[in-house]
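The values are calculated or read from the model by the stated rules, or taken from the named source; none is laboratory data. Every value quoted in this text rests on a predicted model; they were computed, and no experiment measured them. Using ideal geometry, Cβ is built from the backbone for each residue, glycine included, and neighbour counts are taken over all protein chains shown. Keep in mind that these areas ignore ligands, DNA and RNA; they rest on the heavy atoms of the full protein, side chains included. Shrake-Rupley method; radii C 1.70, N 1.55, O 1.52, S 1.80 Å.
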Amino acid sequence: MLFDSNPKSSLIQSLLNTVTDPCMVINQEGNIVIANPAVEHVFGWSPSALEGQSVNCLMPPDIAAQHDGYIARFLETREAEVIGRGRETQGMHKSGRVFPIHLSIDHCIVAGEHFFTGLVKDLSAQYLVQDRMSRHEQLLDGVLNSPEELIMVFDPSGRILMANQSAEALLGGVSSGAIVGRHWSDLFQEESAFQHGQLISEVYAHGQAERFTHSFAGREFDTQFSPVKNAQGKVEFVTSFSLDITELKRSKARLLKESKRAELANRAKTEFLANMSHELRTPLNSVLGFTYLLKEDSALTSDQLDSVHYIHEAGHYLKRLIEDILDLARIESGHLSQSPVITDVVSVLEEAIHLSSIELSSKQLSLSKRYPDVSVSVMADRTRLKQVFLNFLDNAVKYNVIQGCIQVSVQVLEPNQVRIRIKDTGVGIPEDKQGYLFKPFNRLGYEASGVPGTGIGLVLSRRLIEAMGGRIAFRSQEQEGSQFDVILPIVEADTDNVPQDYQELQAGYGGTKPLHVLYVEDNNSNVVLMQQFVSKRPHWIISIASNGFEAMQLAQQCLPDVILLDMSLPDMSGLELAIMLNSNDLVCHIPIIAVTADGRYETREACEYAGIYMIHTKPIDFVALERILRELS
């Protein structure tokens with residue numbers, strides 16, 4: 001080829017090799033004659049591999065088709081469309097990747113033959129930077145022109161150097177262009193303007209951001225002034241970011257209003273439940289109390305004792321129902337109080353089993369127990385834990401089959417946990433209903449089964465155990481039975497304060513220590529009930545006071561061992577009387593037990609404040625009351 005035989009070709013090649021960007025020479029047929037090493041770095045082709053190939057291999061197909069036409073038209077008409085000019089186009093890597101380039105083409109004639117030189121610059125990095133800058137600009141533009149935020153820049157004199165487009169909407173129709181150059185005092189109301197000026201000056205003086213809330217044009221704004229410092233740390237400008245918080249404040253006001261309404265509704269519900277509890281507990285006290293005393297009467301016939309038993313059991317069921325409903329309401333309102341102590345698991349479980357023994361016998365159920373060889377203690381409210389065990393045992397009895405089986409086990413788990421499992425051979429829970437097991441008042445289709453229940457026992461049990469730091473798990477298979485696990489963290493046993501088990505306490509009730517009880521109560525049926533209860537205990541005596549004034553006199557005259565105090569008296573409240581008794585040096589040492597139908601959290605707190613020793617809610621559990629009184633005697 002003529003170009004190849006030119007004695008200066010080696011010089012031309014050397015010159016091309018010094019160019020850092022891809023450079024090549026093509027002939028009039030569009031084939032590459034010479035290419036420099038930079039071509040390989042950008043296009044992936046070595047110079048030797050390109051020699052003799054069509055330059056179209058370095059272009060995407062659509063651009064390559066146009067390139068051949070450019071050369072042909074130039075050679076025919078000498079009209080330069082792209083030759084002699086620089087332009088941005090696209091190149092194609094050997095791998096097929098298309099990328100942006102800047103292409104400059106020039107024409108020369110050597111020995112009568114037309115040649116074209118092409119100089120290529122890869123624009124990939126430049127385009128990447130431009131793309132990032134464009135994204136940043138879009139992001140900045142989105143931030144600056146947020147419809148809820150007014151952004152301005154102030155100079156030291158307080159004149160506005162820049163304002164975003166949101167200014168027009170937020171400043172009552174004043175365009176951002178009309179804002180620039182104006183002083184802040186031209187835009188804001190007198191009080192707001194003073195604060196603006198003061199804070200701008202402080203930011204310039206101290207270089208620290210300042211913030212305040214203000215009103216403008218019927219809207220509420222939260223504004224922050226921030227310094228913009230130069231390299232030397234001097235404040236050159238102050239920016240203000242004002243967020244329109246009008247709707248936020250309105251939403252907060254609505255939320256507060258709804259919250260107060262919900263609080264009032266919740267308070268009304270609590271008051272209703274408390275009143276309902278009081279009205280139900282008071283007559284129940286007589287029902288359960290007198291049937292308890294009748295059960296001790298040896299003169300009753302077998303049929304009469306059976307009747308008394310049924311009345312007593314129905315009363316107990318109603319009592320548990322009331323207590324469960326109130327406990328659930330207290331949990332939902334966050335007012336359920338617990339008294340966690342180190343508690344022996346097996347002794348509480350044995351108490352619950354003993355209380356369920358009559359129901360177990362009625363369905364001819366067998367009970368098997370498996371306990372660990374060592375004592376296992378947890379931190380729990382003993383009464384609440386027994387309540388949970390009773391709920392599970394009650395369900396295991398109610399939904400079991402005649403002559404079925406209940407298995408009770410206590411097992412130590414790792415790490416440092418105990419699992420109490422109660423398993424039955426009853427009807428089980430259908431799989432499609434197990435998801436509703438812990439929903440309040442949902443009996444899972446047993447509403448018309450004739451089996452008594454409300455659907456709140458399991459809900460209450462789970463929440464009580466969670467409050468003790470534990471959890472409840474269950475498995476159930478329809479027609480095969482259910483098992484419920486209570487899992488609690490183990491604590492080290494307090495050997496000096498391990499409670500007696502239930503049977504030992506029962507055995508101790510036959511003691512003969514003297515005890516003088518002062519009972520303050522104005523309800524005649526309650527008075528008769530307590531008199532009969534005390535009269536059956538050897539060496540126990542009782543004095544009665546029907547009002548606070550009489551109780552104060554009797555307490556000082558008789559100096560009783562314990563005072564049983566009703567909270568509602570004709571002349572004063574039980575709390576007022578308790579405070580008076582505890583303020584009197586002669587009788588302040590006498591323990592006061594509140595006997596009341598009001599078991600609310602607020603009442604318990606008030607009793608504690610008044611110095612009352614403990615609360616015993618009606619209907620009275622005479623077994624528990626007797627144990628307490630004997631401990632105090």
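Apart from one condition, residue 141 fits all of (1) in a helix (DSSP H, G or I); (2) at pLDDT 85 or above; (3) not hydrophobic (A, V, I, L, M, F, W, C); the exception is (2). Of all residues in segment 211-247, those that are open to solvent by less than 40 Å² (accessible area, probe 1.4 Å) and acidic (Asp, Glu) total 2.
Quick one: in segment 392-416, of everything that is buried (at least 16 other Cβ atoms within 10 Å of the Cβ) and in a strand (DSSP E or B), which residue is nearest to the chain's Cα centre (by Cα)?
Quick first cut of segment 392-416, residues buried (at least 16 other Cβ atoms within 10 Å of the Cβ) only: 392-400, 404-410.
With the extra rule that they be in a strand (DSSP E or B), the set shrinks to 405-410.
Values: 405: 40, 406: 37, 407: 36, 408: 34, 409: 34, 410: 32 Å.
Here the answer is 410.
Of all residue pairs spaced 6 or more apart or on separate chains, those with beta-carbon atoms under 8 Å, a first member in segment 246-266 that is more than 25 Å from residue 219 (Cβ to Cβ) and a second member that is surrounded by 11 or more Cβ atoms within 10 Å (Cβ to Cβ) and polar (S, T, N, Q) are 266/333. For segment 230-240, the count of residues that are over 32 Å from the mean Cα position of the chain (by Cα) and closer than 30 Å to residue 623 by Cα is zero. Comparison of 118, 84, 158, 112 shows that the only residue that is among the small types (Gly, Ala, Ser), at pLDDT below 85 and open to solvent by less than 40 Å² (accessible area, probe 1.4 Å) is 158. Screening residue 600 on (1) free of Cβ contacts under 8 Å to residues at least 60 places away in the same chain; (2) closer than 30 Å to residue 328 by Cα shows it passes everything except condition (1). Only a single criterion out of (1) surrounded by 13 or more Cβ atoms within 10 Å (Cβ to Cβ); (2) within 19 Å of residue 162 (Cβ to Cβ); (3) at pLDDT below 80 is not satisfied by residue 177, namely (1).
Limited to segment 570-589, what total is found for residues that are open to solvent by less than 20 Å² (accessible area, probe 1.4 Å) and of a type outside the set (Val, Ile, Thr)? First the steps, then the outcome.
Step one: list which residues in segment 570-589 are open to solvent by less than 20 Å² (accessible area, probe 1.4 Å), which gives 574, 577-578, 581, 587.
Checking the rest, the ones that are also of a type outside the set (Val, Ile, Thr) come to 574, 577-578, 581.
Of the residues in that region, 4 qualify.
Mind checking which residues of segment 525-565 are within 28 Å of residue 291 (Cβ to Cβ), open to solvent by 10 Å² or more (accessible area, probe 1.4 Å) and not aliphatic (A, V, I, L, M)? Selection gives 525, 531, 532, 535, 536, 537, 538, 539, 540, 543, 546, 561.
Output the qualifying pairs, or none if there are none: Cβ atoms under 8 angstrom, residues six or more apart or on different chains, first residue in segment 313-325 and open to solvent by 40 Å² or more (accessible area, probe 1.4 Å), second residue in a helix (DSSP H, G or I) and among the hydrophobic types (A, V, I, L, M, F, W, C). Correct list of pairs: 313/358; 316/288; 318/280; 318/284; 325/273.
Scan segment 352-360 and tell me whether some residue there is surrounded by 19 or more Cβ atoms within 10 Å (Cβ to Cβ), closer than 24 Å to residue 281 by Cα and more than 37 Å from the chain's Cα centre (by Cα). Among the residues of segment 352-360, at least one is surrounded by 19 or more Cβ atoms within 10 Å (Cβ to Cβ), closer than 24 Å to residue 281 by Cα and more than 37 Å from the chain's Cα centre (by Cα), which makes the answer yes.
Would you point out the residue of segment 248-266, among those that are open to solvent by less than 100 Å² (accessible area, probe 1.4 Å) and within 27 Å of residue 324 (Cα to Cα), that is modelled with the highest pLDDT? Top of the filtered list is 259. For segment 267-311, residues that are surrounded by 17 or more Cβ atoms within 10 Å (Cβ to Cβ), within 19 Å of residue 359 (Cα to Cα) and free of Cβ contacts under 8 Å to residues at least 60 places away in the same chain total 2.
Where residues in segment 88-107 are open to solvent by 50 Å² or more (accessible area, probe 1.4 Å) and in a strand (DSSP E or B), which of them is farthest from residue 28 (Cα to Cα)?
If we filter segment 88-107 for residues that are open to solvent by 50 Å² or more (accessible area, probe 1.4 Å), which is where we start, we get 88, 90, 94-95, 97-98, 102, 106-107.
If we keep only those that are in a strand (DSSP E or B) as well, we get 88, 90, 98, 102, 106-107.
Numbers: 88: 22, 90: 21, 98: 25, 102: 21, 106: 12, 107: 10 Å.
Only one residue fits best here, namely 98.
Among the residues of segment 52-66, just one is of a type outside the set (S, T, N, Q), touching a residue at least 24 places away in the same chain (Cβ under 8 Å) and either farther than 13 Å from residue 94 by Cα or open to solvent by 50 Å² or more (accessible area, probe 1.4 Å) (or both), namely 63. For segment 611-633, the set of residues classified as surrounded by 21 or more Cβ atoms within 10 Å (Cβ to Cβ) and free of Cβ contacts under 8 Å to residues at least 60 places away in the same chain consists of 612 only.
I'm checking my understanding of the structure. Among residues of segment 326-345 that are closer than 30 Å to residue 374 by Cβ and open to solvent by 30 Å² or more (accessible area, probe 1.4 Å), which one is modelled with the highest pLDDT?
Going through segment 326-345, the residues closer than 30 Å to residue 374 by Cβ turn out to be 338-345.
Right, trim to open to solvent by 30 Å² or more (accessible area, probe 1.4 Å) and you get 338-342.
On the way: 338: 73, 339: 74, 340: 84, 341: 87, 342: 90.
So the residue we want is 342.
Summed over segment 40-51, residues that are assigned to a helix (DSSP H, G or I) and free of Cβ contacts under 8 Å to residues at least 24 places away in the same chain total 5. If you go through segment 102-137 and pick out every residue that is touching a residue at least 40 places away in the same chain (Cβ under 8 Å) and under 60 Å from the mean Cα position of the chain (by Cα), you end up with 2.
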